[in-house]
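Here the structure comes first, spelled out in structure tokens, and everything after it is commentary.
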Amino acid sequence: MILIKEFEFDAAHHLTKYHGKCEHLHGHTYKLVVMLEGQPNFEDMVFDFVELKHMVQDKILSRLDHAYLNDLLPNPTAENIAVFVWKELFPLVKRENSSLHEIQVWETKTSGIIYRGE
Ligand SMILES: [Zn+2]
């Protein structure tokens, strides 16, 4: 089974290796999608949605929301944000019955990245 939870955060960035509109400072309302893969545990849950929400808020959104992302990542593309979130969350959500499956980072409604730790 795949468990899915969506989050949103607002942040500013500019891209340092890119020449075009996005090399200038601007912001996005990002959508972050977290997916865990696993089997229901003794509570018949892959993972506790409330625990996952608090974990993502404390460890991820507290650092990304209303932040200047270049302070955190040298070149904060959606790709690099997805890898950052994957690395932070992977050890935190690992359980006997479940593990991190996929991270999605959407910069706009139509432009996003899917990362599965490859
Ligand atoms: Zn941008």
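The values are calculated or read from the model by the stated rules, or taken from the named source; none is laboratory data. Treat the numbers as computed from the prediction; the structure is a model and nothing was measured. No Cβ is skipped: glycine too gets one built from the backbone with ideal geometry, and neighbour counts run over all protein chains shown. Note: areas computed on protein heavy atoms with side chains; ligands, DNA, RNA excluded. Shrake-Rupley method; radii C 1.70, N 1.55, O 1.52, S 1.80 Å.
Any residue at all in the stretch 15-25 that is part of a helix (DSSP H, G or I), out of contact with any Gly (no Cβ under 9 Å at 6 or more places or on another chain) and loosely packed, with under 12 Cβ neighbours inside 10 Å?
Yes.
Being touching a Gly at 6+ places or on another chain (Cβ under 9 Å) and either within 19 Å of His26 (Cβ to Cβ) or open to solvent by 30 Å² or more (accessible area, probe 1.4 Å) (or both) is the filter here, so list the residues in the stretch 100-118 that pass it.
His101, Val105, Trp106
Going through the stretch 89-99 one residue at a time, which ones are under 16 Å from Ile4 (Cβ atoms) and open to solvent by 10 Å² or more (accessible area, probe 1.4 Å)?
Hit for the stretch 89-99 is Ser99, nothing else.
Report yes if some residue within the stretch 70-86 is within 21 Å of Thr108 (Cα to Cα), hydroxyl-bearing (Ser, Thr, Tyr) and part of a helix (DSSP H, G or I); otherwise report no.
The answer is no; no qualifying residue exists.
Can you run down the residue pairs with Cβ atoms below 7 Å, 6 or more apart or on separate chains, where the first is in the stretch 11-36 and without any contact (Cβ under 8 Å) to a residue 12 or more places away in the chain and the partner is open to solvent by less than 30 Å² (accessible area, probe 1.4 Å) and of a type in the set (Lys, Arg)?
Going by the 7 Å Cβ cut-off, there are no qualifying pairs.
Look at Glu8 and say whether it is closer than 21 Å to Thr108 by Cα, among the acidic types (Asp, Glu), in a helix (DSSP H, G or I) and open to solvent by 20 Å² or more (accessible area, probe 1.4 Å).
no
Considering the stretch 57-88 alone, what residues qualify as being open to solvent by less than 40 Å² (accessible area, probe 1.4 Å) and of a type outside the set (Val, Ile, Thr)?
Answer for the stretch 57-88, where residues must be open to solvent by less than 40 Å² (accessible area, probe 1.4 Å) and of a type outside the set (Val, Ile, Thr): Leu61, Leu64, Ala67, Leu69, Asn70, Leu73, Asn75, Pro76, Ala78, Ala82, Phe84, Trp86.
Filter the stretch 3-47 down to residues that are within 16 Å of the chain's Cα centre (by Cα) and among the β-branched types (Val, Ile, Thr) and give me whichever is farthest from the ligand (Cβ to nearest atom).
This residue is Ile4.
Any chance you could count how many residues in the stretch 29-55 are surrounded by 14 or more Cβ atoms within 10 Å (Cβ to Cβ), touching a strand residue (DSSP E or B) at 6+ places or on another chain (Cβ under 6 Å) and outside any loop (DSSP other than H, G, I, E, B)?
10
Please go through the stretch 73-106 and give me each residue that is closer than 27 Å to Ala12 by Cα and of a type in the set (Ser, Thr, Tyr), ordered by number.
Thr77
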